[in-house]
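One structure is given below, encoded as structure tokens.
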Amino acid sequence: MTTDVPAAPARTPVSAPRPATPASAAPARSSAANRAKPTRKNQPNPMAAALAVVRRIAQSPLLDRPGWRPRAERAAYHATKTGLSTVAAVSRTFEAATRLTAPQRPSTRRSDLFDLTPTEDQQMILDVVKDFAAEQVRPAAADADTASATPDELVATAVELGMWQLSIPDTLGGLASERAATTGVLVAEHLAHGDLGIAVACLAPASVATAISLWGSAEQQSTYLPAFVADAPPRAAFAVVEPHALFDPFAVRTTARRVAGGYVLDGVKSLVPAAARCELFLVAAQVVDGAGPAGPALFVVESGTTGLSVEAEPAMGLRAAQTGRLTLASVTVPERARITTTTQADGCTVDPYREAVRLSRVAWCALAVGTAQAVVDYVVPYVNDRVAFGEPVSHRQGVAFTVADMATELEGMRLATYRAASRAEQGLDFSREAALARRLCKDHGMQIGSDGVQMLGGHGFVKEHPVERWYRDLRSIAVMEGVVLV
Amino acid sequence: MINLELPRKLKPAIDQASAVATSVFRPISRHYDRAEHARPSELDMLGAVVDGLNDAGQGEAGAAGVRRSKGTGENRNGSNMSTVLSIIECCWGDVGLLLSMPKQGLGNSAIASVANDEQLERYKGKWAAMAITEPECGSDSAAIRTTARLDGDHYVLNGEKIYVTAGDRCDAVVVWATLDRSLGRAAIKSFVVDKGTPGFELVRLEHKLGIRASDTAAFVLKDVRVPKENLLGDPEIKPEGGFAGVMQTFDNTRPLVAGMAVGVARAALDETRALLEEAGVVIDYDTPAEHQLAAAATFIRLESEWESAYLLTLRSAWMADNAQPNSLEASMAKAKAGRTAVAVTLTCVELAGSLGYSEDQLLEKWARDSKILDIFEGTQQIQKLIVARRLLGLSSQELR
């Protein structure tokens with residue numbers, strides 16, 4: 001890569017044409033109020049500071065020892081690469097072509113038999129996802145991890161296969177007549193079997209559509225969902241996690257301060273997939289000095305809004321998802337940006353943010369299950385082939401028992417995840433099941449990742465084999481909140 | 001559709017078993033833990049009630065042979081699932097007392113699974129225990145040394161059996177013996193030996209760490225003559241078949257033993273939760289573990305392992321109901337449930353402090369009861385071998 005700032009690609013407008021501009025140009029303002037806003041005082045110019053550091057290193061005589069200068073230059077490049085912010089991608093204009101009078105919600109169905117068999121429809125979707133994961137995702141995974149980016153064609157294929165429409169009501173052009181949490185889990189699981197990072201890149205934008213489908217107002221659905229079912233749907237991200245220790249999604253530090261006509265958002269969000277390319281964000285922020293329900297609320301924020309900036313935030317894993325940090329500096333959003341639904345279709349009260357956190361945890365569990373399955377599937381033939389002391393290492397109980405434990409815990413992770421999703425989809429309280437599934441997937445998912453490397457010995461540690469990537473990716477389950485939804 | 005909640009139609013059976021656990025087992029639980037080898041006469045009446053219910057077609061709380069059902073293509077939640085659920089509830093009450101339920105012995109399962117019609121009729125209403133283990137042979141059941149020699153119309157049995165559950169209280173014992181040691185497992189058959197047969201002597205009742213309400217007996221067989229009609233199943237020595245058939249009983253009972261572990265672990269979790277709440281500990285499923293008290297975070301961790309064991313157990317029973325081969329899943333369930341019950345019950349003692357350790361509460365008893373569940377009917381290590389061999393496609397010669 002020659003630049004760390006990808007230009008925002010030209011997009012087909014939904015309702016109004018707009019010029020394609022590179023990301024570094026000033027984005028179109030959406031309101032006069034933003035244009036008049038003063039910049040914050042006493043803020044050091046980050047670019048100047050970064051360049052000063054680079055200048056000092058470049059002048060050092062130490063760098064003239066053979067081989068040092070290129071290495072140091074690479075280091076400086078990386079330092080500035082992560083230190084420099086860019087403004088967020090320009091977004092299209094989101095406008096409702098037709099207005100709904102009431103929000104469209106998928107229905108729930110109850111089952112009265114214990115059953116582990118997917119429906120025929122689910123099986124058809126799964127067969128397609130499995131092919132995609134095996135034939136396109138997995139072969140691209142190592143390069144995507146190295147390049148810290150998922151090829152656009154893969155995301156486009158995921159869109160074509162309908163993965164962004166699984167939870168959008170069919171009355172609005174999506175695929176959902178009923179709640180599809182279990183289908184979402186199955187899709188995420190099988191996609192992650194190809195690669196977790198690429199799966200996140202492919203599924204993250206859908207989370208914003210899902211949230212608006214489940215909890216958006218009629219106006220929000222009219223404004224944003226048509227874009228997701230049209231050609232070239234927008235990149236989007238559901239941002240919850242923040243960069244401080246002991247992060248609690250129910251005590252976020254991003255604030256939303258009430259002002260006339262809307263809210264002003266301030267804060268920082270961490271590990272946001274493809275942040276620099278998103279046209280739409282769903283941001284968790286705590287409303288201050290306001291009445292209403294306690295706890296954070298969700299705000300739909302278009303990327304062109306003043307005050308948003310993005311910097312690259314590469315992490316231990318999920319590299320193909322191109323994670324970034326999103327800074328909100330006095331970002332003004334209108335009243336209608338806030339998700340305010342408090343009742344479900346059946347009349348029961350709902351806290352959308354709490355539901356969203358729980359559903360995203362279930363989604364991360366599904367991703368963990370698929371990745372852990374990939375580890376087990378890779379390890380089994382390996383230990384049967386690898387010979388040491390005159391026979392395959394699989395003949396040793398130490399190895400065989402580890403494989404048995406990996407597979408057993410994986411099955412438990414899977415069943416617990418399915419249970420949480422199935423309860424959610426039937427409109428049953430699933431807070432307990434989501435918590436238990438998350439705990440299992442955090443602990444055992446990581447253990448499986450670690451065992452995967454261990455079973456390959458030294459070969460597991462090098463990038464010739466995928467187990468080291470799965471080790472890195474599986475650690476994300478314990479850390480991530482938001483980002484994906486089922 | 002994928003659904004892991006229990007069907008309403010099984011609620012009566014579950015409630016019935018739960019009532020037994022709460023109103024019959026729990027009140028006498030500590031008494032029979034202390035009075036080891038005293039016969040729990042309270043269970044005789046319960047046995048009669050269970051019989052009555054089963055005969056009337058209303059009860060599901062029996063150790064009926066869990067036979068393979070034929071697949072119909074339609075999803076079934078049948079007797080395998082209902083039996084597992086009943087066992088979970090009963091063992092929430094008391095594992096030892098469940099094992100002491102009259103006419104619910106492992107021998108009864110064996111008879112129900114492989115007996116012919118004449119044998120089924122003859123042993124109807126009898127309580128049958130199962131005798132496999134010998135002093136030198138536990139996991140290696142194919143190497144048993146008790147012999148059976150055909151002599152006219154009788155088989156003559158000689159040997160020693162230990163760890164026979166309900167050995168004292170039962171009416172008959174299903175004894176594994178070999179027709180010819182040189183022919184290995186193919187020559188192993190099971191014989192029903194009625195109590196009182198000359199030469200068949202109960203020599204010892206074990207004093208145990210847990211499940212003390214259950215009588216565990218040792219027998220000596222010295223020239224015990226049993227009619228040849230008492231051989232269960234096929235008397236021919238076939239290279240395949242016979243032994244596998246008997247081992248298949250274990251395929252079917254493994255989920256039940258897993259269920260026992262799930263039940264006792266649930267008892268410990270329920271009791272511990274109540275104690276923690278009394279102490280002001282709030283257990284929150286949404287708040288990150290790092291923001292809760294360590295006791296709450298530990299509780300959630302234990303509960304998540306329990307959930308894994310519970311669902312694995314349900315799955316293996318569901319597969320049996322739907323005629324899906326479930327040997328791998330049954331072993332996974334037993335392995336996970338066995339080790340989880342021990343970990344959960346022991347950690348609950350720790351969380352409960354002196355209330356967990358003292359005989360004043362039942363928590364310490366459950367921590368003693370749970371240990372055997374990771375050992376009998378296939379130890380943790382044997383279950384792992386079975387799981388590993390299946391996953392890796394290895395024979396018992398390759399992976400030992």
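Please treat every number below as a calculation from the coordinates, not as lab data. Owing to the predicted nature of the structure, the values given are computational and were not obtained by experimental measurement. Cβ atoms come from the backbone with ideal geometry, glycine included; neighbour counts cover every protein chain shown.
Quick notes on this one:
- Shape call, region A:220-298: gyration tensor on alpha carbons, a/c limit 1.5: oblate
- Average beta-carbon neighbours from other chains, 10 Å sphere, peptide A:242-251: 2
- For region A:198-325, the relative contact order comes to 25 percent (Cα pairs under 8 Å, sequence separation of at least 6).
- Shielding by partners for peptide B:276-287, expressed as the average number of C-beta atoms from other protein chains within 10 Å of each residue's C-beta, is 3.
- Antiparallel DSSP beta bridges within the protein assembly as shown, as percent of all bridges there, nearest 5: 80
- What the phi angles of region B:190-195 give under the Karplus curve with 6.51, -1.76 and 1.60, with θ = phi - 60°, is a coupling list of 10, 10, 8, 10, 6, 4 Hz, glycine and proline written as x.
- Prolate/oblate/rounded label for region A:310-423 (Cα gyration tensor, a/c 1.5): oblate
- Translational diffusion of region A:281-366 was estimated from the Stokes-Einstein equation, with Rh taken as the Kirkwood radius over Cα pairs; at 20 °C and 1.002 mPa s the coefficient is 141 µm²/s.
- Long-range HN-HN contacts of B:M130 with modeled amide H, under 5 Å: B:L106, B:G107, B:T165, B:V174
- Each of the peptides A:88-99, B:326-337 was scored by the mean count of other Cβ atoms within 10 Å over its residues; in descending order, highest first, they stand as B:326-337, A:88-99.
- Each principal axis of the Cα cloud of region B:296-400 was taken in turn, and the coordinate range along them, longest first, works out to 48, 30, 23 Å.
- Whole-number D in µm²/s for region B:142-237 (Stokes-Einstein; Kirkwood sum over Cα pairs; 4 °C, 1.567 mPa s): 94
- Relative exposure of A:V155, A:V264, judged by other C-beta atoms within 10 Å (fewest first): A:V264, A:V155
- Isolated Cys in the protein assembly as shown, by beta carbon distance under 4.7 Å: A:C202, A:C278, A:C348, B:C90, B:C91, B:C137, B:C170, B:C348
- Per-residue ellipticity at 222 nm computed for the protein assembly as shown from its helices equals -14500 deg cm²/dmol, with DSSP H segments shorter than 4 residues left out and the rest contributing -39,500 (n - 2.57).
- Of the trypsin sites (Lys or Arg not before Pro) found in region A:413-486, those in coil by DSSP whose Cβ has at most 16 other Cβ atoms within 10 Å are A:K463.
- For region A:106-228, convex hull volume per residue from C-alpha positions, Å³: 105
- Peptide B:332-339 - average C-beta neighbours from other chains (10 Å radius): 3
- For A:A421, net neighbour charge (Lys/Arg +1, Asp/Glu -1) across residues whose Cβ lies under 15 Å away: +1
- Rg in Å to one decimal, and Dmax rounded to a whole Å, for chain B via C-alpha atoms: 21.3, 75
- Evaluated at q = 0.18 Å⁻¹, the base-10 log of the normalised Debye intensity for region B:200-344, with identical point scatterers placed on the Cα atoms, takes the values -1.11.
- For A:V287, distant residues with modelled amide H under 5 Å away: A:A256, A:A297
- Cut-off under 5 Å, modelled amide H: who pairs with A:R386 long-range: A:V393
- In terms of its C-alpha gyration tensor, the protein assembly as shown comes out prolate, because a/c is 1.5 or above and the ratio a/b outweighs b/c.
- Summing charges over neighbours of A:A142, with a neighbour being any other residue whose Cβ is under 14 Å away from its Cβ, gives -1 when K and R count +1 and D and E count -1.
- All lysines inside 23 Å of B:K208 as judged from Cα atoms, apart from same-chain residues fewer than 8 positions distant: B:K103, B:K161, B:K334, B:K365, B:K371
- Neighbours of A:L126, meaning other residues whose beta-carbon lies under 13 angstrom from its beta-carbon, give a summed charge of -4 when Lys and Arg score +1 and Asp and Glu score -1.
- The value of relative contact order for region B:75-147, using C-alpha pairs under 8 Å at least six residues apart, is 22 percent.
- With semi-axes defined as the square roots of five times the eigenvalues of the C-alpha gyration tensor, the equivalent ellipsoid of region B:115-174 measures 22, 17, 10 Å, largest first.
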